[in-house]
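Report on the following structure.
Throughout, read-outs are computed from the coordinates displayed, never taken from laboratory work. Since the structure is predicted, the reported quantities are computational estimates derived from the model, not experimental observations. Ideal geometry is used to build each Cβ from the backbone, glycine not excepted, and the neighbour counts take in all protein chains shown.
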Amino acid sequence: MEDRKTVIITGANGNLGSAVTKAFLDKGYHVVATVAEQVMLKDMPSADRLNAFPIDLSKEEETASFIRSQILEHGTINGALLLVGGFAMGNIAATTGQDIRKQIALNFETAYHVVRPLFAHMMERNAGRIVLIGARPAINASQGKNLIAYGLSKSLLFKLAEFLNEEARGKNVAVAVAAPSTLDTQLNRKSMPEANPDDWVKPQALAEVLEFIISDKASILREPILKVYNNA
């Protein structure tokens, strides 16, 4: 890559994060990765183009300070893949207001705290791509009715992307939302032994889709919503 791009990947040590980090390193990007705790740094690969940091993304000022430091360090942040999130079961009878607040904090606020300073940087430079990880229960009521807190929290990411893309209209800045179905992970295989994992989405395959969105090949896209379902 002649002009090496710098991307931020949050949740870089998770099942999806590990695959995404590897895919971007393999493609020649410089990767700024975040993990939740210092001890998780040991899970990160050793690479010259990888810098990993323990950041509590639930803390807005800590996150904003981190983003500012990376802008100063690298000059330009070309893209961001915001992978931090968590899952919770429960229909409306089983879901309390506290359950909803926990899921919003985990799935929405951790992304919003990164997006706010980073979007301003990209708008100033008139260039940049941000990818949020949505979920099918946020757009499919038949699934979302039993995942109330999770679905509601993820639905906010779709609306955030809509707002930001409207603000960025006419500029070379875009916010995408990728909504995968079930990821093919060891945990999901264990919890759903009756399912066919060939129908699921492999993290490596989703990572390739996300790299496309950040790459110059997707430069003409402006409001991408990606339903990455495979046959699940």
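The figures follow:
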| quantity | calculated |
| --- | --- |
| For the stretch 196-227 versus the stretch 36-75, the gap between their alpha-carbon centres in whole angstrom | 24 |
| Signed unit charges on C-beta, dipole axis of the chain, positive-most listed residue 106, 221, 119 | 221 |
| By average C-beta atoms within 10 angstrom, highest first, the peptides 193-199, 82-88 | 82-88, 193-199 |
| Within-15-Å neighbourhood charge of residue 61 [Cβ basis; K, R +1; D, E -1] | -1 |
| Local electrostatic count at residue 166 - Lys and Arg +1, Asp and Glu -1, tallied over other residues with Cβ under 15 Å | +1 |
| C-alpha center-to-center spacing [the stretch 155-172, the stretch 175-191] in angstrom | 24 |
| Nearest-ten-degree value, helix 203-214 long axis tilted from longest Cα axis of the chain | 40 |
